[in-house]
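Coordinate-derived values only; no laboratory data. The model shown is predicted, which means the values in this text are computed figures rather than measured ones. All Cβ positions, even for glycine, are placed from backbone atoms using ideal geometry, and neighbour counts span all protein chains on display.
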Amino acid sequence: MRRSVLLGCLAAAFLAGLTVAQSTTPPPDARTVRLEGGRFAPLTYEQMTPEQKKVFETLLNGPRRGAAGPFNILLRSPEMANAAQLPVSRSASTPRFREN
């Protein structure tokens, strides 16, 4: 019993420290982040349109703190990239998820 309480407290302290560390870490610099791509050549910051740069900077400054995953492709359509990131930032406040 004591062991499980101790482990629970250690886990809670670790997660609290991790949360604080993540929230105080500055976002990456948009000019130095490198996108990855296979079939689609990775975009560089200099190649992006103003709309793409705005979405890219939103990704880096938001809860994701990066543009990994499909965003190299999605940045070709800033509207789609914005739509793709909405579920992550708004899912906790959606009434359907709060009902339980």
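Worth a mention:
- Separation in nanometres of the label points that stand 7 Å from Cα toward Cβ, at residue 47 and residue 68: 2.2 nm
- The fewest-to-most ranking of 48, 80 by surrounding Cβ atoms within 10 Å reads 80, 48.
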